[in-house]
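Down below is the structure, laid out as structure tokens.
Each reported figure results from applying straightforward, stated rules to the coordinates on display, with no laboratory input. Being a predicted model, the structure only gives us computed values, none of them experimental. Cβ: placed from backbone, ideal geometry, glycine included. Neighbour counts: every protein chain shown.
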Amino acid sequence: MGAGGNPGGAGGGGGAAEFDDQCELNENITHKINEKFESNAVKKLVKTALGNQRVKQEYEVIKKRLKEGVNPIDIGKKSTRISSNKVLIKGAHGRYVVEISGNQVNVLGIGARGNAKNMNNFRDLMNEKYGLNLQY
């Protein structure tokens, strides 16, 4: 599993400092969490994923940590930057695409790892809607 290219050279050298700044949150203030599920297909995908109680519980913990200002790249062991302002948070039970915009965090999509069809739909919708290159 993984995301495609790493724009901005994150983790691999040049340009990483600028890239890091766009995905970091100020830990000294509370952040607003928005659920921006931009289509009925994404809403259905998220509803299915959150039908899994483990994903739902994990998502609540992730939202709390994001609200506290924890850098999304530090949530989950292998979370990955997937664009200049988006991060794929890799939880034990789910995958979460978030977008950092100032002091706001927009949750763009959620997929349940234990459901292959849901993960395929998650990958396809996130790639289509946001021009990402998620691969599973």
Seminar exercise, completed: A careful count of residues in the range 100-133 that are in contact with a helix residue (DSSP H, G or I) (Cβ under 8 Å, 6 or more places away or on another chain) and either farther than 19 Å from Gly51 by Cα or of a type in the set (D, E, K, R) (or both) gives 6
Exercise. Could you list, in sequence order, the residues of the range 27-63 that are of a type in the set (Val, Ile, Thr) and in contact (Cβ under 8 Å) with a residue 12 or more places away in the chain?
Worked result: Ile29, Thr30, Ile33, Val42, Val46, Thr48, Val55, Ile62
Exercise. Considering the range 49-65 alone, what residues qualify as being touching a strand residue (DSSP E or B) at 6+ places or on another chain (Cβ under 7 Å) and either surrounded by fewer than 22 Cβ atoms within 10 Å (Cβ to Cβ) or of a type outside the set (Gly, Ala, Ser) (or both)?
Worked result: Leu50, Asn52, Val55, Glu58, Tyr59, Ile62, Lys63
